[in-house]
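Worksheet: one structure, shown below.
Taken together, the values in this text are just the output of simple stated rules run on the coordinates, not laboratory data. If you're wondering where the values come from, they're calculated on a predicted model, not measured in any experiment. Quick reminder, even Gly has a Cβ in these numbers, built from the backbone with ideal geometry, and neighbours come from all protein chains shown.
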Amino acid sequence: MTVLIIPPNGEPYAGEVGEDVADLQDLVGGYIETVVPMMLPRQFRLVVNDAFLLDRLPFNEFASFLYGVLYHGQVILGNCVVLREGINKYGEGDLVGLTDNDVKAILNLYRSFH
């Protein structure tokens, strides 16, 4: 599935990842937590490292902005993966890949952010 990876240092980029939770864990470097970004439409989700504060991962400015740090003060540290909520191939609610338009819209937001 298509995801947008937001590294702490550098530009976000699209990538392909398997549908297994272990694939997402590899991208964020540990157990995952899913959070709702305040600066994106409601169907999007950010996948982050569950222990990012304990692991002292580097500050992720753009992911923190998307999450809404200006409203609630909570930052995002380490790699972040953007997905959307949807229905998987088994008809169940799940995280699903992004469309090309999703990727373009978020990258445009990044460009206007910087």
Counting Lys and Arg as +1 and Asp and Glu as -1, what is the net charge of the other residues whose Cβ lies under 10 Å from the Cβ of Q43?
+1
I want to verify a result. In a Gaussian network model of the chain, Cα cutoff 10 Å, which of these has the top mean-square fluctuation: I76, I87, I32?
I87
Beyond 20 Å, what percent of the Cα pairs of the range 29-91 remain?
25 percent
By how many nm would the segment from Y71 to K89 grow when fully extended, if each residue of separation counts as 0.36 nm and the alpha-carbon distance is taken off?
2.9 nm
For the range 12-26 and the range 28-88, what is the centre-to-centre distance using only Cα atoms, to the nearest Å?
14 Å
Of the candidates G78, L66, N88, the farthest towards the positive dipole end of the range 29-91 (Lys/Arg Cβ +1, Asp/Glu Cβ -1, centred on the Cα centre) is N88
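Given a Förster distance of 30 angstrom, what is the FRET efficiency for T99 paired with R56, based on the Cβ-Cβ distance and rounded to 0.05?
Working: r = 35 Å, r/R0 = 1.15.
Approximately 0.30, to the nearest 0.05.
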Return the long-range amide H neighbours of G97 (sequence gap of 5 or more, or a different chain), with a cut-off of under 5 Å between placed amide H atoms.
T2
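Over the Cα atoms of the chain, compute the convex hull volume and normalise it per residue, giving Å³.
Values: hull volume 11.1 nm³, N = 114.
Expressed per residue, the convex hull around the Cα atoms of the chain is 98 Å³.
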As a check on your grasp of the helix formula, calculate [θ] at 222 nm for the chain: sum -39500 (n - 2.57) over DSSP H runs of n ≥ 4, divide by the residue count, round to the nearest 500.
-8000 deg cm²/dmol
When the Karplus curve 6.51 cos²θ - 1.76 cosθ + 1.60 is applied with θ = phi - 60°, which whole-Hz ³J(HN,Hα) does each residue of the range 99-113 get, with x for Gly and Pro?
8, 4, 5, 4, 4, 4, 5, 6, 5, 5, 4, 4, 4, 6, 6
